[in-house]
Each structure stands twice: as C-alpha cells, then as structure tokens.
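What follows draws every value from the coordinates through simple rules; no lab data is involved. Please read all numbers here as calculations on a predicted model, not as lab measurements. A quick note on method: Cβ atoms are made from the backbone with ideal geometry, for glycine too, and the neighbour counts reach across all protein chains shown.
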Amino acid sequence: MSLKNCSRNKNDTENRRPELNEDMKAQDLLKWYWLKEELVVFCKNNALSVQGNKKELCERIYTFLEEGKKTAKKQSRRRARDKREELSLDSKIEDDLVCSQRHREFFRKHLGRSFAFNVSFQNWLKNNAGKTYADAIKAYEQIKKDSKTEKKEIGAQFEYNTYIRDFFAANRGYSLNEAITCWKYKKSLPGDHHYGPEDLRILKKK
C-alpha cells in the first residue's frame, strides 16, 4: 500500500477533499493530505489505537476502511489469546502480532526499561512470525546497533520539511512565505505532496 498531494478548478467538485469518516472508500484516503490530528480523531471515534506516526495511523485507518468490523473482531480474538499465553524466550512469534502491554513488559524484562517499539522492530516482528522471542531480542539489538551508524531518512510524517527543502533546492530568490504558500496549495490537492515546478503557478495568482 502506498501512502502518498497546483491550480484547482473551482467547479471541479471531484477535487474537493471529502470528509474523513467511516463511510469513506479506503482508496480515497490515500488521495488526500491529512493532518495527524484528523487521523487521531478518526481513530478515537472508531475505537482504533491512536499510537504511532502519520504513516502508521493511515495504514490503520486504511485497514479499517477496507475490512471494517472484521479487523476489530480479529483484534479482539488476538487480545483474548494474548491474555492466556505466557511469553518466554522459546515462545513463537504470533501471526498478525499486536504490540501489546504484555509484549512490551516482556521485552523490557530482557532488554531493559528503556525498550520501546520502533517502526523497524515492529516490521521485523510482523515479517518473522514463527521465529522465537529469543530471535526477536537479537534482532532488536541489531536494529539498535544499525540505527547508530545508518543515516536516517526523513520520515513520511515530515512531508512539510521535505517539501520546503526541495522547493529551495530547485528555486533561488524565493522567500519562505512563498515556499509555504506553494506547500499549502500542494497539500490541498489529491495525489502526492512532493514539490514540483508546476506548484509555482499559485504564486502568479497572488
């Protein structure tokens, strides 16, 4: 799933951002730029977790819109199973694992109180069902080690910073206010919200 946003025709109702609610089609969610606050409100209103960055919230909402109540039922069954099973180093990583408080306490016991679920480790857990929790601990330690030496990419939640950076890389002599004007214009449109030279057309209308 790709989570990806300049003159808009006033008469083109198809380009008007729809209301974010449970009746929205899952694919429509991906066409528009959403504030994190909007995504959090949706999650609260639909009993979904509000934890994580914008990309994780979008993925959660997309799954909800795509699968609806089936997802909620699946999560309820997983929670019930979580309460019954005692975790150990030899336990197998579950399919569709939910990073619950029980899992957090287990990893803190073996990795220290500073342990926290990061995106890379969550993805490792999701992609390695059937391996043991001892394997997971080794993977976490390796991920932490690698994170200290690898250059981190700007996350999807920092679209604004990325846009402003790319704007000034492509244009000289423009002010920050002009860059911000183009950003606001671009994020109001459907599609990706990366900088493009066509964005400058909004400045000509000022």
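Rounded to the nearest 0.05, the FRET efficiency derived from the C-beta distance between residue 117 and residue 37 at R0 = 22 Å is 0.50. Here are some pairs, 55/184; 55/186; 25/204; which of them have Cα atoms lying more than 23 Å apart in this structure? From 55/184; 55/186; 25/204, over 23 Å: 25/204.
Between residue 137 and residue 47, the modelled labels are 3.6 nm apart [label points 7 Å from Cα along Cα→Cβ]. Positive end of the dipole of the range 156-204 (Cβ unit charges, origin at the Cα centre): among 169, 180, 194, the Cα lying farthest that way belongs to 180. Once the Cα-Cα distance is subtracted from the 0.36 nm per residue extended length, the residue 145 to residue 22 segment shows a gain of 40.2 nm.
Were the residues from residue 55 through residue 99 laid out at 0.36 nm apart, the gain over their Cα-Cα distance would be 14.2 nm. Radius of gyration (Cα atoms) of the range 156-204, expressed as a multiple of 2.2 N^0.38 Å: 1.02.
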